Amino acid sequence: MEELTNTTINEIPIEEISVDENPVDANPVDENSADVSPVDENSWGLVLSGGGGKGAYQVGVWRALCELGWDTRIKAISGASVGALNAVLLSSVSEPRAEVIWKSITPLQFLDIDLPLQGDGIFSREGLTQLIQANLDLSRIKDNPVDLYADTSQLEEDGHYITRYYHLNEKNAMEIQQILLASSAIPIAYPSVMIDGRPQRDGGYTTPYPVKPLRDLGLKKILVVAISLTDFDPRFYPDLDFTVIKPSRDIGYLLDGTLDFSAKGAQFRMELGYYDALRTLRAYESGELGDPQYAKAHAINAETDYQQIQVEMRKQQLSQNVDEHKNKLDEILKKYGIKDLDL
């Protein structure tokens with residue numbers, strides 16, 4: 001496979017990685033990559049960072065984008081790790097379908113220990129592979145009107161990692177699947193994937209915010225959905241106009257975030273992403289985003305939205321509990337031959 005471009009970075013502990021170590025102009029765009037077509041000034045690029053189970057937040061953001069008509073502004077999506085998976089998912093299925101898929105995920109699908117342990121990972125990738133094959137037709141990516149990019153971290157012979165960017169629209173289905181598995185291979189948790197004879201893993205390990213492919217396309221307006229443990233730093237791209245959407249509440253760290261693939265966790269993060277995106281995009285459209293008073297108003301509205309989310313989730317849980325009890329009662333009545341209970 002040919003990568004779009006490479007960016008070199010030293011191998012350092014994952015908790016110490018930041019955008020500061022990722023130089024913008026480390027290498028020029030590969031001359032063999034697809035021709036860059038003119039970009040309308042109203043077109044936007046979308047960057048989806050990594051974050052494992054926290055990726056459900058990005059699906060909620062996408063719901064807000066669709067509701068406000070911003071999805072039609074997105075010309076290209078570049079994702080790292082779960083952001084790469086969501087880039088393909090959100091551009092391939094309807095927004096409601098994407099939510100259903102996320103809420104259908106079970107922890108065992110992503111956290112099934114692969115015994116005996118082999119290679120450099122603990123958990124099996126079988127669950128993710130089945131999820132991709134059951135819900136996505138990767139052979140149609142080449143016809144997707146949105147340019148899709150994913151990054152991976154490739155281990156070099158000298159022990160250093162380089163970032164590789166892939167233009168997914170130019171790959172076949174099997175290549176895309178391997179790239180997605182590699183980009184989402186969180187260190188230690190999942191085994192690296194061999195591509196072009198080199199081990200590759202989590203794209204967020206070296207470049208959690210893969211902006212470069214979008215910049216190389218000529219896009220000037222970039223929407224960043226930031227769920228990575230590493231904060232987004234726009235200083236390396238002074239020529240670009242960034243709008244950042246990030247969680248207004250804690251969505252977890254490692255065990256209660258990155259490795260949380262519960263339906264309840266996904267539901268909360270999707271709702272939070274939806275409300276955070278609505279506030280941010282509406283403020284952008286009204287010109288309030290840069291206002292000094294915006295941060296205070298944003299915090300107040302975020303708290304109101306959070307309380308609304310909690311109320312809705314409690315109502316859903318109560319309704320689910322009532323349905324479960326009704327089903328148990330029906331089973332008891334059937335057991336004793338009672339067809340109806342006139343109360």
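If the condition is being at pLDDT below 95 and open to solvent by 50 Å² or more (accessible area, probe 1.4 Å), then the range 161-195 contributes only Ile188. Looking across the range 125-153 at every residue that is more than 20 Å from the chain's Cα centre (by Cα) and of a type outside the set (Lys, Arg), the one that is most open to solvent (accessible area, probe 1.4 Å) is identified as Asp143. Considering (1) open to solvent by less than 20 Å² (accessible area, probe 1.4 Å); (2) without any contact (Cβ under 8 Å) to a residue 60 or more places away in the chain; (3) out of contact with any strand residue (DSSP E or B) (no Cβ under 9 Å at 6 or more places or on another chain), the lone condition that Thr243 does not fulfil carries the number (3). On inspection, Ile222 qualifies as touching a Leu at 6+ places or on another chain (Cβ under 6 Å), open to solvent by less than 60 Å² (accessible area, probe 1.4 Å) and not in a helix (DSSP H, G or I).
When you scan the range 44-87, how many residues do you find that are under 24 Å from Lys142 (Cβ atoms), in contact with a strand residue (DSSP E or B) (Cβ under 6 Å, 6 or more places away or on another chain) and either hydrophobic (A, V, I, L, M, F, W, C) or open to solvent by less than 30 Å² (accessible area, probe 1.4 Å) (or both)? Selection size over the range 44-87: 16.
Annotation: Leu90 fulfils all but one of (1) surrounded by 19 or more Cβ atoms within 10 Å (Cβ to Cβ); (2) touching a residue at least 40 places away in the same chain (Cβ under 8 Å); the unmet one is (2). For Ile332, are the conditions met, namely being within 22 Å of the chain's Cα centre (by Cα) and either in a helix (DSSP H, G or I) or modelled with pLDDT of 95 or more (or both)? Spelling it out, it is not the case that Ile332 is within 22 Å of the chain's Cα centre (by Cα) and either in a helix (DSSP H, G or I) or modelled with pLDDT of 95 or more (or both). For the range 120-153, give me each residue that is in contact with a strand residue (DSSP E or B) (Cβ under 7 Å, 6 or more places away or on another chain) and closer than 27 Å to Lys75 by Cα. Hits for the range 120-153 are Ile141, Val146, Asp147, Leu148, Tyr149, Ala150, Asp151, Thr152, Ser153. When every residue of the range 106-115 is checked against the conditions, at least one turns out to be in contact with a Gly (Cβ under 8 Å, 6 or more places away or on another chain) and surrounded by 16 or more Cβ atoms within 10 Å (Cβ to Cβ). Answer with yes or no whether Pro238 is within 30 Å of Arg73 (Cβ to Cβ), open to solvent by less than 20 Å² (accessible area, probe 1.4 Å) and not hydrophobic (A, V, I, L, M, F, W, C). So Pro238 fails the test. Return yes or no: is Phe232 closer than 21 Å to Trp102 by Cα, open to solvent by less than 60 Å² (accessible area, probe 1.4 Å) and not in a helix (DSSP H, G or I)? No.
Out of all the residues in the range 273-284, is one or more open to solvent by less than 70 Å² (accessible area, probe 1.4 Å), touching a Gly at 6+ places or on another chain (Cβ under 7 Å) and among the charged types (D, E, K, R)? Checked the range 273-284: no residue is open to solvent by less than 70 Å² (accessible area, probe 1.4 Å), touching a Gly at 6+ places or on another chain (Cβ under 7 Å) and among the charged types (D, E, K, R).
Considering the conditions (1) touching a residue at least 40 places away in the same chain (Cβ under 8 Å); (2) open to solvent by less than 50 Å² (accessible area, probe 1.4 Å); (3) not in a strand (DSSP E or B), Arg249 is excluded by exactly one of them, (2). Exactly one residue out of Lys315, Lys326, Lys264, Lys296 is more than 28 Å from Ser104 (Cβ to Cβ), assigned to a helix (DSSP H, G or I) and among the charged types (D, E, K, R), and it is Lys296.
The values are calculated or read from the model by the stated rules, or taken from the named source; none is laboratory data. Remember, predicted model here, so these are calculated numbers, not experimental data. Using ideal geometry, Cβ is built from the backbone for each residue, glycine included, and neighbour counts are taken over all protein chains shown. What goes into the accessible areas is simple: the full protein's heavy atoms, side chains included, and nothing from ligands, DNA or RNA. Shrake-Rupley method; radii C 1.70, N 1.55, O 1.52, S 1.80 Å.
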